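**Q** Structure below; questions to follow.
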Number of protein chains: 2
Amino acid sequence: MSTKTSTDTELESERPLRADARRNRERIIEAARELFAGERPNVQMDEVAHRAGVGVGTVYRHFSDKEALMGELVRQRFDLFNENLRQALADEHPGAFTALAAALRANLVSVAEDAATRFAFMSGGERVFAHAASEMEEFMLLANELIRRAHLAGELRDDFQASDIPMVMCGICATIDVSKPGWDWQRHLTLILHGMRA
Amino acid sequence: MSTKTSTDTELESERPLRADARRNRERIIEAARELFAGERPNVQMDEVAHRAGVGVGTVYRHFSDKEALMGELVRQRFDLFNENLRQALADEHPGAFTALAAALRANLVSVAEDAATRFAFMSGGERVFAHAASEMEEFMLLANELIRRAHLAGELRDDFQASDIPMVMCGICATIDVSKPGWDWQRHLTLILHGMRA
DNA sequence: ACCTGAACACCGTTCAAGT
DNA sequence: ACCTGAACACCGTTCAAGT
């Protein structure tokens, strides 16, 4: 849902983009995703442009700078997070805590499978997250509802609050990215879920 | 303890350094600490040199590259972590789990107070941690003993293992560094401690 | 409207010359 | 033995010229 494609320079410039420009934009994002996921830590804008089959200038026409490009990956990921949260709110059969846990796990599985976005999450500062501001806002609304239900069901610790959800996700995400021997994000999540349980 | 000051290029070159070189080295580390802790995300090697009152070449004489300089900050921090773990092993009055919790809290307090080291922890890849290899090894030995005791006391979940200690520290450390509104590393730690409890 | 890529700027790193 | 800083290399970003 909500596959917004606004130019990142201005918040609300919703002119529809020429067909070739649209295609280029898509290719640039795809190229960035592939290259950022690679083993080499620092990917150059020239490489992204080359792999996308465009000139560097075109990359900068679509994304004001490198952080904006990473920001787009983050934005798309939050879109997917929100999808997972909505799913959890819909499937109410299992119980409020289970639904919350499932949403967290689904989000982190998607992060674990996507090294490029993880790179954007980690290496980028606040500038990167600014590009996903509205998606993050919706994320908080959905998270709020999810924990409200779990609290009502008496299954979640009283002092657990909505902002703890992105916080623990950030923590687990960091450990996925560092990934020392013996580290296992699944156990990390399980541990935190134990701590969340009322 | 163990204020090792080996040149970072070779693992075990223990020649004692001329007095002025030693002083310069100290100043460079101090300058890096001050600048990395500043608001601007990317500090230049020239700035570090200037603040330390030396030429850039001198910085590179002491540290093979920028990551080695960050690595030294990480190394010193692990020295301090180890000190905290030893302390926890010595103060056995309170109980094994309490000792473990105190060690974790002490480590994270020191991280929370030191933006420069946090920067080094986060922005650096494995290359940075390689500089603290032996300190990290000792850290694991101490952590092992700490959790062994907590397991014996029956106060720690059976499936909690030694490598989970740096893992959760890494996770909390990441959330300290990002620090969105509503995030609180103290509650993050408390949450995890709840999950650790047998 | 959009694209190109040579040119520029910035910053990590080196090395010839100094003490 | 150690220091200096100008020179070099690399890569993010811009912009004049194209379609």
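The values are calculated or read from the model by the stated rules, or taken from the named source; none is laboratory data. Since the model is a prediction, treat every value here as computed from it, not as a measurement. All Cβ positions, even for glycine, are placed from backbone atoms using ideal geometry, and neighbour counts span all protein chains on display.
**Q** Would you pick out the residues in region A:91-122 that are crowded, with 18+ Cβ neighbours inside 10 Å and polar (S, T, N, Q)?
**A** A:N107, A:T117
**Q** May I pose another question? Give the residues of region A:62-90 that are within 16 Å of DNA strand D (Cβ to nearest atom), surrounded by fewer than 17 Cβ atoms within 10 Å (Cβ to Cβ) and touching a residue at least 12 places away in the same chain (Cβ under 8 Å), sorted by residue number.
**A** The answer is A:S64, and nothing else.
**Q** Quick check on this structure: which one of B:S2, B:S110 is of a type outside the set (D, E) and modelled with pLDDT under 95? Write out each step before concluding.
**A** Values: B:S110 fails: modelled with pLDDT under 95.
Of B:S2, B:S110, the one residue that is of a type outside the set (D, E) and modelled with pLDDT under 95 is B:S2.
**Q** Also, I was wondering about something else. Can you confirm whether region B:42-59 contains a residue that is away from DNA strand D (no atom under 14 Å from the Cβ), of a type outside the set (A, V, I, L, M), outside the structural domain of B:R118 (by TED's automatic domain parsing) and under 17 Å from B:A120 (Cα atoms)?
**A** Within region B:42-59, none of the residues are away from DNA strand D (no atom under 14 Å from the Cβ), of a type outside the set (A, V, I, L, M), outside the structural domain of B:R118 (by TED's automatic domain parsing) and under 17 Å from B:A120 (Cα atoms).
**Q** I need the full set of residues from region B:102-126 which are acidic (D, E) and assigned to a helix (DSSP H, G or I), in order please.
**A** To start, the set of residues in region B:102-126 that are acidic (D, E) comprises B:113-114, B:126.
Passing the criteria: only B:E126.
**Q** Looking only at residues in region B:102-117 that are within 9 Å of the chain's Cα centre (by Cα) and closer than 20 Å to B:I192 by Cα, which one is farthest from the other protein chains (Cβ to nearest Cβ)?
**A** Applying the first criterion (within 9 Å of the chain's Cα centre (by Cα)) to region B:102-117 yields B:107, B:110-111, B:117.
When the remaining residues are screened for being closer than 20 Å to B:I192 by Cα, the result is B:107, B:110-111.
Numbers: B:N107: 15, B:S110: 18, B:V111: 13 Å.
It comes out as B:S110.
**Q** Right, another one. So in region B:41-59, with the set limited to residues that are within 7 Å of DNA strand C (Cβ to nearest atom) and free of Cβ contacts under 8 Å to residues at least 12 places away in the same chain, which one is farthest from B:A21 (Cα to Cα)?
**A** Across region B:41-59, the extreme among qualifying residues is B:N42.
**Q** More than 23 Å from B:G38 (Cβ to Cβ), at pLDDT below 95 and either crowded, with 19+ Cβ neighbours inside 10 Å or of a type outside the set (K, R) (or both), is that true of B:E126?
**A** yes
**Q** Follow-up question, since we're still on this one. Can you find even one residue in region A:19-31 that is at pLDDT below 95, within 14 Å of chain B (Cβ to nearest Cβ) and either more than 11 Å from DNA strand D (Cβ to nearest atom) or over 23 Å from the mean Cα position of the chain (by Cα) (or both)?
**A** No.
**Q** Here's a follow-up. So which residues in region B:159-185 are part of a helix (DSSP H, G or I), of a type in the set (D, E, K, R) and at pLDDT below 95? First the steps, then the outcome.
**A** From region B:159-185, those part of a helix (DSSP H, G or I) are B:164-178, B:185; that's our starting set.
Then keep just the ones that are of a type in the set (D, E, K, R); that gives B:164, B:177.
Result: B:D177, single match.
Table: residues versus (1) more than 14 Å from DNA strand C (Cβ to nearest atom); (2) farther than 29 Å from A:G124 by Cβ.
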residue	(1), (2)
B:P16	yes, yes
B:I29	yes, no
B:K66	no, no
B:L108	yes, no
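**Q** Oh, and also: Could you list, in sequence order, the residues of region B:140-151 that are touching a helix residue (DSSP H, G or I) at 6+ places or on another chain (Cβ under 7 Å) and either at the interface with another protein chain (Cβ under 8 Å from one of its Cβ atoms) or of a type in the set (K, R) (or both)? Can you show your working first?
**A** Step one: filter region B:140-151 for residues touching a helix residue (DSSP H, G or I) at 6+ places or on another chain (Cβ under 7 Å), giving B:142-143, B:145-147, B:149-150.
Matches in region B:140-151: B:R149 only.
**Q** Taking the residues in region A:152-198 that are more than 7 Å from chain B (Cβ to nearest Cβ) and small (G, A, S) as candidates, determine which candidate is nearest to the chain's Cα centre (by Cα).
**A** A:A162
**Q** Still on this structure, I have one more. Which residue pairs have Cβ atoms under 8 Å apart, sit 6 or more places apart or on different chains, and have a first residue in region B:151-171 that is among the polar types (S, T, N, Q) and a second that is in a loop (DSSP other than H, G, I, E, B) and surrounded by fewer than 22 Cβ atoms within 10 Å (Cβ to Cβ)?
**A** Taking only residues 6 or more apart or on different chains, the pairs are B:Q161/A:G182; B:S163/A:K180; B:S163/A:P181; B:S163/A:G182; B:S163/A:W183.
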